[in-house]
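The values are calculated or read from the model by the stated rules, or taken from the named source; none is laboratory data. Note that the coordinates shown come from a computational prediction; the quantities given were computed from them, not determined experimentally. Cβ: placed from backbone, ideal geometry, glycine included. Neighbour counts: every protein chain shown.
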Amino acid sequence: MNFNLRNAVIANVSGNSQDQLRATIMDAIQSGEEKMLPGLGVLFEVLWQNAGTTEQQHILQTLEGGLK
């Protein structure tokens, strides 16, 4: 069986509104379940790939600050 998690996550949230995306993210974080981490990783990948250089720098600064 060939299952592509990345494609499954993207298919599951494609076309979602901002409110729906926020709810998905908040649910994944609040549940604290390890199985949700790959999905958040896919969403982060989409964010990163669609961010410009300035946005990527802001993301990195936010991550750095949050990890101190």
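List of remarks:
- Candidates THR54, THR24, THR62, filtered to the one that is surrounded by 11 or more Cβ atoms within 10 Å (Cβ to Cβ), in a helix (DSSP H, G or I), among the hydroxyl-bearing types (Ser, Thr, Tyr) and modelled with pLDDT of 95 or more: THR24
- Any hit, region 12-34, residues being touching a residue at least 24 places away in the same chain (Cβ under 8 Å) and β-branched (Val, Ile, Thr): yes
- Only residues that are of a type outside the set (Lys, Arg) and within 11 Å of the chain's Cα centre (by Cα) were counted in region 9-39, giving 13.
- Residue match in region 30-41 (condition: acidic (Asp, Glu) and surrounded by 11 or more Cβ atoms within 10 Å (Cβ to Cβ)): no
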